[in-house]
Protein chains: 2
Amino acid sequence: MSITFQTSSVVGQSRTGRLVTPHAEIETPVFMPVGTVGSVKGVPQDILEELGAQIILGNTYHLYLRPGVETVRQMGGLHRFMSWDRAILTDSGGFQVFSLSELRKLNEDGVTFRSHLDGSSHYFSPESAMQAQISLGADIIMAFDECTEYPAELSRVRASMEMTARWAARSKKYFEAHKSEVPWGEVSSFESPVSCSAGPLWAGVPTQGVRQPKGLSLREDTQALFGIVQGGMDRELRRESAERTVEIGFPGYAIGGLSVGEPRALTREIVESTLEYLPKDKPRYLMGVGNPEEIVEYAGLGVDMMDCVQPTRAARHGLLFTSQGRISIKQARYAQDPEPLDPNCGCRVCQRYSRGYLRHLFASNEILAQVLNTIHNLSFYLDTMRRVRHSILLGEESRSLSGIWSQPNVRPPRIQA
Amino acid sequence: MSITFQTSSVVGQSRTGRLVTPHAEIETPVFMPVGTVGSVKGVPQDILEELGAQIILGNTYHLYLRPGVETVRQMGGLHRFMSWDRAILTDSGGFQVFSLSELRKLNEDGVTFRSHLDGSSHYFSPESAMQAQISLGADIIMAFDECTEYPAELSRVRASMEMTARWAARSKKYFEAHKSEVPWGEVSSFESPVSCSAGPLWAGVPTQGVRQPKGLSLREDTQALFGIVQGGMDRELRRESAERTVEIGFPGYAIGGLSVGEPRALTREIVESTLEYLPKDKPRYLMGVGNPEEIVEYAGLGVDMMDCVQPTRAARHGLLFTSQGRISIKQARYAQDPEPLDPNCGCRVCQRYSRGYLRHLFASNEILAQVLNTIHNLSFYLDTMRRVRHSILLGEESRSLSGIWSQPNVRPPRIQA
């Protein structure tokens, strides 16, 4: 098994569902916190568990550069390396190669690029990106794509989309031939100089709260490879990209190449039109969005999975999301404010600390500011998606934003870690 | 009541005891983590609780500059401000004025200094330092002293020591006249524009595991003011300083002005000789030491309380203390090491993460590196003191270093937070 996906409630375009991967059962629509380089910045793994995160994202580009794919593989794969036994999705590396690296040279075969860390030269092809993602061992991995820049000429967008489609086929071919090499897949892949198959490291990982599909052995499981739809801001090219990607055939489909600078109305238009051409019985993943209002809106359109650095990055800059709006915690007005960040939030930060204290930590550049702010923002995002799922189950189209944050808290009881 | 102190087991010079403050019962000898500006850098308060910290230290100089004493007072005192309901000790600010600030001008009345943050001009006297510490509201506060530089001429050390003695008398006089103004002491002190007496902030603080002296109302309690012995590296001046300070009379005594650059053998000599002149029935606090071997050694000499930035600061620089010696986690040799930092450590870091992962976090400059490293080092220090107390209770002089770290783990069962 790689994954299974079943929708459970459909209201208009929006739906709830259950995505089962080798490491977790995930209720959709789901927001996936970004753990760029094997850590959701500032948040210990047990707190991610407490927040109810069932799946997080790792960036192949970053992990490839540091600590290196081979190190992660030797350590038993990304789950074991970072001690996270719920689900992980890795992106293809394509987006970062195009947004972060310098001096890239691209042709049909692949792309040569320079590391943003030290300028060293590297090469990604669909095959090598698959190899990297198989070695990292995430539950869900992504076909290698070219993320087209915005704005771009139609001819350029078409050529890029067509190459992404050819790369998708090459990605699938390589993946099918090598998927048994996942670090947790076959016993033979554990035969490395450093034994990772036992010992205090793994034994210490708490397992309560992790819903492991019953009756399945991890060794029978494989990863799932998702295809990515490109096509820039042209509805027709998006349709063609979707159809070609679906024709190749994947257990899930992503919409890439959005949130790259275009107006939000255009993002929405492309998302909505592209979703029409994606199979309703497969998970649909919108990459790299968004703010709280956007993730609610896209869930309302029928998107099942989303990820974004916004909750974590904004937190580190002191921008906090609450049910009453955004708070810039650095402002002096909060210096003597004894209230919690968000009176409607059940997270451990809002349960314990005041705005005055959080403002002080931020103004004093204390590490704890980044830790606590990030925990709260992630809690807000995950809670928002919980409210969206609740709305859909109640039969409301979650596209209606009003009321999402004024519902009674629908968090499950706190997990006792 | 301010504090009570009772020794429970005495072996040679070393002893165990129980120090009861308005906010905690503390087993001594105790190591106090340093929470400079209202946060033990990188560690959420609930994890400090889990580690078993019953008392932490705050720096008056830092808190005075940021967020400001009045803000902390308005927020209900440092305990409530930082949501820490176990014990706190604040230092007098003297050490930081002399080590961090610039352009200080000192006379009999007090000291004018410039902030290391923005160069602004400030003034501390024994009276204003007491006022600041009463507003912060720690359980234990320190008399305002001059920390003599090292090396120094004997005449200079004598003059400094004598002024510290006069300042101690002034500190006590001011404290006795104003101790009822502590934020948690009298109802009237809560009458501030911002009400801190109820609400979700304080209500959310978990209380399990906090041993609150039974039958005592906080409103009847006051802070305890400790005196500080100075006298540089001269045994005779130390004796004289101790005698003069004891003559003034305090519920506890500190040895200040050590670990300022002198050889370690000299530190030990001064500690040992000074302790002879301090009352055996009062807690004895050695300020600003030390590494793990030193805190064991000084506990063996009969010191009851110690604090040091070493576990927290070293952690942020990747230097980790283990039962098998020091580890510089940045080294490449740990890149694929699947073992925990310290196989004899029960902390949540050693129970969950590998050296390889911690090395990667540090090399990648991830926030989580500082968080996890600090948790481990504090755990090691607190566990070390637990082992020392255990040794003394077993009738062994804890001055003997060998064996302290090879004993079976004597940690109490993990507190379920």
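The values are calculated or read from the model by the stated rules, or taken from the named source; none is laboratory data. Keep in mind that what you see is a predicted model, and the values were worked out from it rather than measured. Reconstructed Cβ throughout: ideal geometry from the backbone, glycine too, with neighbour counts over all protein chains shown. Just so you know, the surface numbers come from the protein's heavy atoms only, side chains and all, with ligands and any DNA or RNA stripped out. Shrake-Rupley method; radii C 1.70, N 1.55, O 1.52, S 1.80 Å.
A compact table of results
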| read-out | value |
| --- | --- |
| Residues located in the range B:279-319, provided they are under 27 Å from B:Ile367 (Cβ atoms), part of a strand (DSSP E or B) and free of Cβ contacts under 8 Å to residues at least 60 places away in the same chain | B:Leu319 |
| Per-region count, the range B:280-304, residues of a type in the set (A, V, I, L, M, F, W, C) and open to solvent by 10 Å² or more (accessible area, probe 1.4 Å) | 1 |
| Index of the failed condition, A:Glu70 passing every other in (1) touching a helix residue (DSSP H, G or I) at 6+ places or on another chain (Cβ under 6 Å); (2) within 11 Å of chain B (Cβ to nearest Cβ) | (1) |
| Selected residue (only one of A:Leu154, A:Leu117 is hydrophobic (A, V, I, L, M, F, W, C), surrounded by fewer than 19 Cβ atoms within 10 Å (Cβ to Cβ) and closer than 28 Å to A:Met233 by Cα) | A:Leu154 |
| Test: residue in the range A:84-99 that is more than 24 Å from A:Met161 (Cβ to Cβ), within 14 Å of another protein chain (Cβ to nearest Cβ) and over 16 Å from the mean Cα position of the chain (by Cα) | no |
| Residues of the range B:123-134 that turn out to be open to solvent by less than 50 Å² (accessible area, probe 1.4 Å), in contact with a strand residue (DSSP E or B) (Cβ under 6 Å, 6 or more places away or on another chain) and either more than 17 Å from B:Asp91 (Cα to Cα) or of a type in the set (Ser, Thr, Tyr) (or both), as a count | 0 |
| Residue that is modelled with the highest pLDDT, among those in the range A:380-409 that are open to solvent by 40 Å² or more (accessible area, probe 1.4 Å) and over 17 Å from A:Gly12 (Cβ atoms) | A:Trp405 |
| Those residues of the range A:34-72 which are in a helix (DSSP H, G or I) and either touching a strand residue (DSSP E or B) at 6+ places or on another chain (Cβ under 6 Å) or open to solvent by less than 10 Å² (accessible area, probe 1.4 Å) (or both), in sequence order | A:Gln45, A:Ile47, A:Leu48, A:Leu51, A:Thr60, A:Tyr61, A:Leu63, A:Val72 |
| Top-ranked residue of the range B:313-332 - restricted to ones that are surrounded by fewer than 24 Cβ atoms within 10 Å (Cβ to Cβ) and within 18 Å of the chain's Cα centre (by Cα), ranked as farthest from B:Ile55 (Cα to Cα) | B:Ala314 |
| Given (1) modelled with pLDDT under 95; (2) touching a helix residue (DSSP H, G or I) at 6+ places or on another chain (Cβ under 6 Å); (3) under 16 Å from B:Gly227 (Cα atoms), index of the condition B:Phe95 fails | (2) |
| In the range B:333-379, the residues that are part of a helix (DSSP H, G or I), more than 10 Å from chain A (Cβ to nearest Cβ) and open to solvent by 10 Å² or more (accessible area, probe 1.4 Å) | B:Arg333, B:Tyr334, B:Phe362 |
| Subset of the range B:266-278 that is in a helix (DSSP H, G or I) and of a type outside the set (A, V, I, L, M) - its residue that is most open to solvent (accessible area, probe 1.4 Å) | B:Glu269 |
| Qualifying residue in the range A:73-86 (condition: assigned to a helix (DSSP H, G or I), modelled with pLDDT of 95 or more and basic (Lys, Arg)) | yes |
